[in-house]
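Q: Please see the structure below; I have some questions.
The values are calculated or read from the model by the stated rules, or taken from the named source; none is laboratory data. Predicted, not measured: the structure shown is a model, and the values here were computed from it. Cβ sites come from the backbone with ideal geometry, for glycine too, and all protein chains shown count toward neighbours. For the accessible areas, the whole protein counts, side chains as well, though only heavy atoms, and no ligand, DNA or RNA atoms are used. Shrake-Rupley method; radii C 1.70, N 1.55, O 1.52, S 1.80 Å.
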Amino acid sequence: MAKHGSRYRSSALAALQPRSRRETVFLIGILIIATFFIVRICQFRSLTPRGNTITAVLSTTQVVRGKHGPDGDDEPTAVFTEVFIDSGSGEGFKRPRKQPDVQVKYDNQRKPSLQKSALGSNKADALPDVSKGTVRGNQSDSSENSVQRRSAVDSQQLDGLRTKLDHKSGVLPANSSSSVVNDNSKSAKSQVIATDLLAGQQERTVQKRVTDKVPSAQNAQQAMLQQSQVEKDSSIKVLPSLLDPKPVVASQTKTLPTVQKALLQSPPPSPPVTRQRITSAPADFDWQTYLLYNPELRDAGIGTQQQAEEHYIQKGYAQGMIYKRLRVLLRYTACTGLINQHYSHIAAFSLCAVLGAELVLPPAVKRDSFAHYFSVFKEHNEVKWTPAPLESLLNVDKIVEFWRGRGLTVHRTPALLPFPDLTQPELAYPMYPQPEIDPELIARIDDVYLRNLDMPELIEKARIAVIGHAGKLLRQDPSRKIDYIVLDMPCTFFMLRSLSNLRVVTEVARSLEFSDQVANLADRVIHGMTMGGKNEYNAVHLRIEKDARDWSQIMGGEQVVWRGYVQSMLQASFTSDLVLYAASGLLTYGANDEMDNLIGSLKDAGLCKDVHYKELYIPQAELEELNSEQKALVDFLVLSRGRGFVGFGSSTFSFYLREYRVLSGIPRSSSVLVDASVIGTDPLFNSAGTVI
């Protein structure tokens with residue numbers, strides 16, 4: 001061991017033996033410099049007390065104005081101050097008060113040589129005292145004076161350093177900021193000094209240390225703070241502390257790029273709208289429309305053109321009040337079965353006729369099967385509804401032409417998909433796309449499904465929705481041009497109490513002609529059944545399919561429903577002299593045995609000569625090309641022309657068929673509905689379902 005030690009010492013001495021004068025001078029210089037640094041380190045260690053110490057190392061990057069980005073604009077470089085806290089006890093220092101937006105690192109292995117402030121010592125500019133926080137371990141040196149002495153910052157040396165750098169770079173220095181807070185009410189005081197340097201200057205760390213990457217979100221935040229102060233004087237400014245009481249863990253740092261992106265990409269706030277007063281009413285000011293759209297003005301005693309114009313100049317313009325007739329486009333959804341859809345059309349057309357609004361036709365709807373149970377509750381519903389072209393049920397060409405002659409514009413269905421969920425018809429607003437429609441110009445009316453509202457109530461709801469939405473837009477920007485408002489409604493089934501405006505409802509009902517294709521199929525059935533029109537027939541709507549099982553349960557069972565049908569047929573004078581056309585969805589899902597039993601019961605009761613149905617006259621292949629509601633429409637049109645008709649009282653199909661027969665000139669007394677008053681739909685049907 002001694003031998004090896006002697007050899008190593010000999011090698012070291014040999015290496016130190018100079019071989020030339022130049023090498024001698026060089027080595028002497030190295031020794032002098034090393035001696036100087038050793039003395040300085042010793043002085044440093046002699047001034048640094050032992051125990052729990054707190055070391056703050058400040059490093060900054062610059063915020064630069066005049067550095068052009070890719071678009072030629074000023075592109076500030078982010079500024080950030082890193083603060084490293086060291087606890088000599090080997091445990092992290094825990095701050096008592098939270099300060100946002102900083103990366104705090106605990107360093108338990110820092111060398112004592114880094115425990116003095118890098119910028120000197122001056123009590124006036126010392127870093128704030130944080131020694132009174134909770135420290136685990138030795139707290140022997142926690143007085144305020146000792147911490148301030150250990151962590152003081154010489155502001156004169158800092159200014160001198162900045163002056164040298166600025167002079168060297170040849171440009172004006174950016175603003176400098178310092179943070180000095182003295183809060184005697186709290187035990188923890190933590191502040192840092194943020195200093196911005198010059199363009200192109202590399203990050204200058206006064207106390208050099210290997211650090212992690214600066215969190216980008218904090219860079220962005222500091223850049224915005226610094227950029228807002230660039231044009232101010234270069235005096236020291238007070239900034240809030242950037243210290244955070246908790247270290248940034250890995251899970252927190254992962255979110256920082258997202259925060260940075262949000263900070264950098266978020267648009268600047270919109271400037272407030274400047275409202276200029278006007279001195280005269282617009283040239284197209286319609287004072288009658290102004291009073292019509294704002295009926296509260298008449299209540300205030302405003303009733304002439306001059307009064308209306310003066311009110312608009314003084315108040316109406318600033319309040320965004322509408323002064324001329326708006327173009328309104330009404331969109332709605334027709335929902336569920338054939339006649340429910342038809343009632344939806346009647347209500348929407350009636351409202352448009354009174355408002356003078358334009359109407360956008362919705363898609364038709366078809367179900368997957370009559371064998372499935374329908375419920376508005378999703379957990380119980382089995383029926384699937386899908387959109388279909390409206391032309392499959394209605395004669396759209398004739399409808400459009402009819403209302404054009406009366407000054408009402410009817411637009412065809414823009415698209416079938418996407419389509420709303422009909423298990424919640426009260427929320428089934430139109431969803432089809434219309435690229436020409438501005439989404440900001442769409443207003444909505446809610447709470448209309450099955451509401452049975454009087455026409456004046458509907459008009460008021462529409463007025464509030466349209467005028468309210470347009471006024472809101474004008475209050476945001478009085479100069480905005482509003483060419484139209486789209487008024488969206490959910491399913492409009494039974495939203496209108498038809499008795500409140502029966503004249504309009506009757507005209508609408510007559511205008512909604514059914515599809516020629518389906519009407520031709522119904523004519524074929526009638527022609528075959530009546531031997532070319534020579535014989536009459538009676539008609540019955542047997543609403544006993546599986547999707548109607550709730551009704552039979554409420555009424556006491558299937559036998560109760562069947563007895564009701566027999567009594568109603570006797571009341572309608574059905575006899576065995578005429579054939580009976582029976583409409584039912586039983587055959588659509590193969591319930592042939594059940595249908596045969598019904599036919600036998602009807603014959604045995606002497607209510608018909610024979611029972612006929614569409615499947616006897618229309619080939620199966622042709623029927624399969626029809627959707628569920630088209631098949632129902634074939635039945636509807638055949639039933640409507642029977643000498644007598646019996647239907648089910650709680651079926652909209654049966655109820656409207658009686659109304660339709662009256663529209664066609666057949667006496668109402670020829671139609672009898674099974675008493676289903678126990679279900680409770682009679683008042684609603686009579687109020688909202690009557691069309692003539």
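Q: Do you know which residues across region 552-573 are among the aliphatic types (A, V, I, L, M) and over 50 Å from the mean Cα position of the chain (by Cα)?
A: 566, 569, 570, 572
Q: Under 9 Å between Cβ atoms, at least 6 apart or on separate chains: pull out the pairs that start in region 617-638 with a residue that is in contact (Cβ under 8 Å) with a residue 12 or more places away in the chain and in a helix (DSSP H, G or I) and end on any residue that is open to solvent by less than 60 Å² (accessible area, probe 1.4 Å) and charged (D, E, K, R).
A: These pairs meet every condition: 628/367; 629/367; 631/614; 634/614; 635/614; 638/614.
Q: Look through 440, 436 and report the one residue that is touching a residue at least 24 places away in the same chain (Cβ under 8 Å) and under 27 Å from the mean Cα position of the chain (by Cα).
A: 440
Q: Considering only region 368-396, state which residues are open to solvent by less than 30 Å² (accessible area, probe 1.4 Å), in a strand (DSSP E or B) and closer than 21 Å to residue 423 by Cβ.
A: Residues satisfying the conditions are 387, 388.
Q: Could you say whether any residue in region 334-350 is free of Cβ contacts under 8 Å to residues at least 60 places away in the same chain and either outside any loop (DSSP other than H, G, I, E, B) or loosely packed, with under 14 Cβ neighbours inside 10 Å (or both)?
A: Looking for residues that are free of Cβ contacts under 8 Å to residues at least 60 places away in the same chain and either outside any loop (DSSP other than H, G, I, E, B) or loosely packed, with under 14 Cβ neighbours inside 10 Å (or both), one finds none in region 334-350, hence no.
Q: Further question on the same structure: Restricting the first residue to region 443-458 and requiring it to be within 11 Å of residue 489 (Cβ to Cβ), which pairs with a second residue that is of a type in the set (Lys, Arg) and surrounded by 14 or more Cβ atoms within 10 Å (Cβ to Cβ) meet a Cβ separation below 7 Å and a spacing of at least six or different chains?
A: 445/461
Q: Select from region 409-444 the residues that are among the hydrophobic types (A, V, I, L, M, F, W, C) and over 26 Å from residue 468 (Cβ atoms) and write down the one among them that is surrounded by the most Cβ atoms within 10 Å (Cβ to Cβ).
A: Only one residue fits best here, namely 422.
Q: Please enumerate the residues belonging to region 671-685 that are surrounded by fewer than 17 Cβ atoms within 10 Å (Cβ to Cβ) and either touching a residue at least 40 places away in the same chain (Cβ under 8 Å) or acidic (Asp, Glu) (or both).
A: 675, 678, 679, 684
Q: Still on this structure, I have one more. Take region 487-509 and flag every residue that is within 27 Å of the chain's Cα centre (by Cα) and surrounded by fewer than 23 Cβ atoms within 10 Å (Cβ to Cβ).
A: 488
Q: A further question on this structure: Hey, among 586, 578, 496, which residue is closer than 30 Å to residue 467 by Cβ and not aromatic (Phe, Trp, Tyr)?
A: Answer to the selection: 496.
Q: Among the aliphatic types (A, V, I, L, M), modelled with pLDDT of 95 or more and within 18 Å of residue 691 (Cβ to Cβ) - does that describe any residue in region 621-635?
A: Yes: one or more hits.
Q: Oh, and also: Based on what the data block shows, is residue 449 open to solvent by 10 Å² or more (accessible area, probe 1.4 Å), closer than 30 Å to residue 635 by Cβ and modelled with pLDDT under 95?
A: Taking the combined requirement at face value, the residue does not satisfy it.
Q: A further question on this structure: Show the residue pairs meeting these rules: Cβ distance below 6 Å; 6+ apart or different chains; first residue within region 487-515 and under 26 Å from residue 423 (Cα atoms); second residue assigned to a strand (DSSP E or B) and basic (Lys, Arg).
A: Here the result reads 488/331; 488/444, each pair linking region 487-515 to a residue that is assigned to a strand (DSSP E or B) and basic (Lys, Arg).
Q: Going through 521, 512 one at a time, which residue ends up being surrounded by 15 or more Cβ atoms within 10 Å (Cβ to Cβ), within 28 Å of residue 618 (Cβ to Cβ) and within 39 Å of the chain's Cα centre (by Cα)?
A: That would be 512, the only listed residue that is surrounded by 15 or more Cβ atoms within 10 Å (Cβ to Cβ), within 28 Å of residue 618 (Cβ to Cβ) and within 39 Å of the chain's Cα centre (by Cα).
Q: Residue 329 - would you say it is at pLDDT 90 or above and farther than 30 Å from residue 629 by Cβ?
A: In short, no.
Q: Same structure again: Output the residues belonging to region 468-481 that are open to solvent by 20 Å² or more (accessible area, probe 1.4 Å) and within 18 Å of residue 355 (Cβ to Cβ).
A: 468, 469, listed by residue number.
Q: I'd like the full set of residues that are farther than 17 Å from residue 648 by Cβ and either in a loop (DSSP other than H, G, I, E, B) or open to solvent by less than 20 Å² (accessible area, probe 1.4 Å) (or both), limited to region 592-610.
A: 605, 606, 608, 609, 610 - these are the residues of region 592-610 that are farther than 17 Å from residue 648 by Cβ and either in a loop (DSSP other than H, G, I, E, B) or open to solvent by less than 20 Å² (accessible area, probe 1.4 Å) (or both).
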